[in-house]
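Every number in this text was worked out from the coordinates using simple rules, so none of it is lab data. Note that the coordinates shown come from a computational prediction; the quantities given were computed from them, not determined experimentally. In this analysis, Cβ positions are derived from the backbone assuming ideal geometry, glycine residues included, and neighbour counts consider all displayed protein chains.
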Amino acid sequence: MCVVVVLLFPVALWVAARCQPEFASAAVFIVSFIVMATVIFKLGNFGKTAPSMDASVVSAQVTIIGTAFTAFILSALFAELRQSETRLQRGAGGRVGDSLRVGCGHRFGTAQ
């Protein structure tokens, strides 16, 4: 496998974990574009080690599918985690605020 692709895989996963899913899609597109460029121009291991062009294309397709699948699943999991955290913060903030208002009201004799 081409060294460039091996170095871009962790970057694509980092983008999937840290950014919104749209950015993960863009990262997968860039990695896919670079993998296909290495096949077309016979750069790196995609062009040199495969006995035929068909084997290079299949190897590139497997690499692209693996990268895309991993990045999209990771992106979806982190997006769901962010949504859950937001829901919890909104829900907890309202309940904590109500509890403080009621607690302070009883303490100072201004309960409603």
Ranking Val15, Val57, Val6 by Cβ neighbours within 10 Å, fewest first, what do you get?
Val6, Val57, Val15
How far is it, in nm, from the label point at Phe41 to the one at Glu22 when both lie 7 Å from their Cα along the line to the Cβ?
3.0
Per-residue HN-Hα couplings for the range 55-71, Karplus 6.51 cos²θ - 1.76 cosθ + 1.60 at θ = phi - 60°, whole Hz, x for Gly and Pro?
5, 5, 5, 5, 4, 5, 5, 5, 4, 5, 5, x, 5, 5, 4, 5, 5
Integer Hz, Karplus 6.51/-1.76/1.60 couplings in order for the range 79-88, x for Gly and Pro
5, 5, 4, 5, 5, 5, 4, 5, 4, 5
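At 0.36 nm per residue, minus the direct Cα-Cα distance, what do Leu77 and Leu7 gain on full extension? Give it in nm, one decimal, please.
Numbers: separation 70, 0.36 × 70 = 25.20 nm, distance 2.29 nm.
Between Leu77 and Leu7, full extension yields an extra 22.9 nm.
Order by neighbour count: Ser32, Ser75, Ser52, fewest other Cβ atoms within 10 Å first, most last.
Values: Ser32 19, Ser75 25, Ser52 8.
Exposure proxy ranking, most exposed first: Ser52, Ser32, Ser75.
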What are the ³J(HN,Hα) values, in whole Hz, obtained from phi via the Karplus relation 6.51 cos²θ - 1.76 cosθ + 1.60 with θ = phi - 60°, for each residue of the range 29-43 in sequence order, with x given for Gly and Pro?
4, 5, 5, 4, 4, 5, 5, 5, 5, 5, 6, 5, 9, 6, 9
Give me the one-decimal nm value for the distance between modelled label points at Glu85 and Phe29, 7 Å along each residue's Cα-to-Cβ direction.
2.6
